[in-house]
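Just below is one structure, and these are the notes that go with it.
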Amino acid sequence: MSLLEISALTKRFGGVVAVDGCSLSVADRSITGLIGPNGSGKTTVFNLVTGFIPRDAGEVRFKSRSIAGLGPDRIYGLGIGRTFQLARIFPRLTALENMLVPVRRAGLRAVLSHGQWRHERERAMEMLEFVEIAHVAGTVGGALSYGQRKLLELAAVMMAAPELVLLDEPAGGVNPALLERISEHIGKLNRQGVTFLLVEHNMSFVMNLCDEVIVLHQGKAIASGKPKAVRENPAVLDAYLGA
C-alpha cells in the first residue's frame, strides 16, 4: 500500500525544468531512498511534496488524499515531517526548547515560558534520550556540534508524531560513527511504524538502509526497485554510482 503517491509532478524555474512529469510512490512503513546526481530534482521534489514551493502541474497524494496546493503548515499537520540538508534549529534556544517548537500552537513566547508544558517536555526528553543527546538538553543550539544538530533535527521532527518523514541528506558531512547511529535511529523509528523517504548521496548508506530505491534523472524517475536490483542495473551504475 502506498502512503505517498506523486503523479506527473512538474516544476519550472524560468526556462529550467527542475521536475519533469515525475511519478513515484512510497510504500507505507518503508524506508525509500531517492538518488540521482546534483540537479536531478531531488530536493525540489521534497519542496513540492511539503508545500514549500508551488507545483506547475501534477498531483501529490498522501494517504489517498490530495495535498497538492496546501501550505507547509497544513501538510505538516497532516503527518508529514521533513529535515533539511543543513540542520535548521534555533541557535539561541536550548536543545530542549528546540524540541518543543514543533508542537507549539501559541508561538515562540510559549516555548520560552515553559509554563504548562510538562508532558511535552517529558516527551521531548524521551526523544533526546532516544537519539542519545539528552546530555545536551540544556545547551543552546548554536553551541552544539554538527552531528548533534543533525540528531536534534531528527528528534525534533518526531515530536509531532509524523507518519512520513522526508530526510534531506541525513548522512551529509557526518563521521562514520555518527552515520551508524543515524542509521540505527531511522531503523528503530521505522520499526515503530514511521515511513521514511530520504535523499542521500552516500550510496552505501542508501543501499544498506533502504527497502526500495528510486532514481531521478533530469527531473524524472527513471528506475526503481530493491537496492540490489538498482545496484546491478547497468544504466544506473553508469549514470549515478560511478561504476
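Values in this text are rule-based calculations from the coordinates and carry no lab data. Worth saying up front: this structure is predicted, and the values here are computed from it rather than measured. Neighbour counts are summed over all protein chains in view; Cβ atoms, including those assigned to glycine, are modelled from backbone coordinates with ideal geometry.
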Take the alpha-carbon centre of the range 160-193, take the same for the range 1-78, and report the distance between them in whole Å.
20
Take every Cα pair under 8 Å in the chain that's 6+ residues apart, average their separations, divide by the length, and report that relative contact order as a whole percent.
28
Averaging 1/r across every pair of distinct alpha carbons in the chain and inverting yields a Kirkwood hydrodynamic radius, in angstrom, of 18.5
Angle in degrees between helix 176-191 and the longest Cα principal axis of the chain, rounded to the nearest 10:
90
Which FRET efficiency value, to the nearest 0.05, is calculated for GLU59 and ARG231 with the Förster distance at 22 angstrom and r the Cβ-Cβ distance?
0.15
Net length gained if the chain between PHE52 and PHE130 were fully extended (0.36 nm per residue, minus Cα distance)
25.2 nm
For the range 118-219, what value does the Rg/Rh ratio take when both radii are computed over Cα atoms and Rh is the Kirkwood radius, given to two decimals?
0.98
Taking Cα atoms, the helix 118-130 axis meets the longest principal axis of the chain at an angle in degrees (rounded to 10) of 50
Based on the Cβ-Cβ distance of PHE90 and ARG191, what FRET efficiency does E = 1/(1 + (r/R0)^6) give at R0 = 25 Å, to the nearest 0.05?
0.25
